[in-house]
Amino acid sequence: MSFQINDLTLVPGSKVYFGKYILPDGQIAIACDTGTHSETDVDYMAFLLNGQLYIHPTKDFQDQHDIQRIETGPMQNLKDLANQDNLAPGKYMHYKNKVYEVYGTAINYSDNTLYVVYLCPNNDLWFRPLDMWFDPIVINTKRFVKMD
């Protein structure tokens, strides 16, 4: 869960400024929310670039001197920004009987892979590689689908 203090948004484990950034290639990105990578526990920022939702480690936005913040702004609702062509938004049941709300997908800025953008039962935002979303699981010879 994140909370806003003026233009500084605090997320457990990270401090991220929201607003417009100029990326090293000169493009303008609008940083709009943060979440956690489901496999690495690394904080990621979600941002809009040319009308598409991307994700990238927040550390790069904080540490790189060639990424410049040019304007502050409020967090935006990722539910409205996620791409819904690759995975239908809605509620998905985990094989351990937890329900997750999927917003859609985003593109990893580093390698262009698709990630699922979803909200956990505790309202934390997470990102998981799309190709892992429906991975089958075998437990005591019973086969389950991770998400259904």
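The values are calculated or read from the model by the stated rules, or taken from the named source; none is laboratory data. It should be emphasised that the depicted structure is a prediction, and the values quoted were computed from it without experimental measurement. Glycine also receives a Cβ, built like all others from the backbone with ideal geometry; neighbour counts cover every protein chain displayed.
What to note about this one:
- Test: residue in region 93-102 that is modelled with pLDDT under 85, surrounded by 12 or more Cβ atoms within 10 Å (Cβ to Cβ) and among the aliphatic types (A, V, I, L, M): yes
- Check on residue 137, modelled with pLDDT under 80, surrounded by 11 or more Cβ atoms within 10 Å (Cβ to Cβ) and in contact with a helix residue (DSSP H, G or I) (Cβ under 8 Å, 6 or more places away or on another chain): no
- Residue within region 71-87 that is more than 16 Å from residue 48 (Cα to Cα), surrounded by 11 or more Cβ atoms within 10 Å (Cβ to Cβ), out of contact with any Ser or Thr (no Cβ under 6 Å at 6 or more places or on another chain) and modelled with pLDDT of 75 or more present: no
- The listed residues are 125, 119, 130, 114, and the only one of them that is at pLDDT 90 or above and not small (Gly, Ala, Ser) turns out to be 114.
- Residues satisfying the stated conditions in region 114-142, i.e. outside any strand (DSSP E or B) and either over 14 Å from residue 44 (Cα atoms) or hydrophobic (A, V, I, L, M, F, W, C) (or both): 120, 121, 122, 123, 130, 131, 132, 133, 134, 135, 140, 141
- Taken together, the residues in region 16-52 that are acidic (Asp, Glu), out of contact with any helix residue (DSSP H, G or I) (no Cβ under 7 Å at 6 or more places or on another chain) and in contact (Cβ under 8 Å) with a residue 40 or more places away in the chain amount to 1.
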